[in-house]
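Structure first, commentary second.
The values are calculated or read from the model by the stated rules, or taken from the named source; none is laboratory data. The structure presented is a predicted model; accordingly, all values stated were derived computationally and were not measured. Using ideal geometry, Cβ is built from the backbone for each residue, glycine included, and neighbour counts are taken over all protein chains shown. Side chains included, ligands, DNA and RNA excluded: accessible areas come from the protein's heavy atoms. Shrake-Rupley method; radii C 1.70, N 1.55, O 1.52, S 1.80 Å.
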Amino acid sequence: MQALSKKKTGDICTIKWMFGIPDVLRSRKIEEGSTIQVIQKMDGGLILGMDGKRIALCDEAADRIQV
């Protein structure tokens, strides 16, 4: 397993577990077992894509998601 923040742009991965993640992800049906794609990495964060949805996360939150 690896922290989501360590993945590269274009990587497609499955979420193994999330720790202390806000309900904003779960409300968008992003949870353990979800397959996501890193759309863009930027200084301090990244943009994820899943099922036509996009969400921005800071590196701090992405560090608590293991893929």
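Regarding L25, is this residue in contact with a strand residue (DSSP E or B) (Cβ under 8 Å, 6 or more places away or on another chain), open to solvent by less than 70 Å² (accessible area, probe 1.4 Å) and either small (G, A, S) or in contact (Cβ under 8 Å) with a residue 40 or more places away in the chain (or both)?
When the stated conditions are applied, L25 does not pass them.
Would you check which residues across the stretch 12-42 are charged (D, E, K, R) and touching a helix residue (DSSP H, G or I) at 6+ places or on another chain (Cβ under 9 Å) and list them?
E31, K41
Would you confirm whether any residue within the stretch 49-66 is polar (S, T, N, Q), touching a residue at least 60 places away in the same chain (Cβ under 8 Å) and either surrounded by 12 or more Cβ atoms within 10 Å (Cβ to Cβ) or touching a strand residue (DSSP E or B) at 6+ places or on another chain (Cβ under 8 Å) (or both)?
Checked the stretch 49-66: at least one residue is polar (S, T, N, Q), touching a residue at least 60 places away in the same chain (Cβ under 8 Å) and either surrounded by 12 or more Cβ atoms within 10 Å (Cβ to Cβ) or touching a strand residue (DSSP E or B) at 6+ places or on another chain (Cβ under 8 Å) (or both).
Which ranges mark the strands (runs of 3 or more DSSP E) fully within the chain that have 3 or more residues being at pLDDT 90 or above, out of contact with any Asp or Glu (no Cβ under 7 Å at 6 or more places or on another chain) and among the aliphatic types (A, V, I, L, M)?
35-42, 45-50, 53-58
With respect to D43, is the statement that it is in contact with a strand residue (DSSP E or B) (Cβ under 8 Å, 6 or more places away or on another chain) and either open to solvent by 80 Å² or more (accessible area, probe 1.4 Å) or among the charged types (D, E, K, R) (or both) true?
Criteria not met by D43.
Give the stretch 28-40 a look and list any residue that's under 10 Å from the mean Cα position of the chain (by Cα) and open to solvent by 80 Å² or more (accessible area, probe 1.4 Å), or say none.
E31
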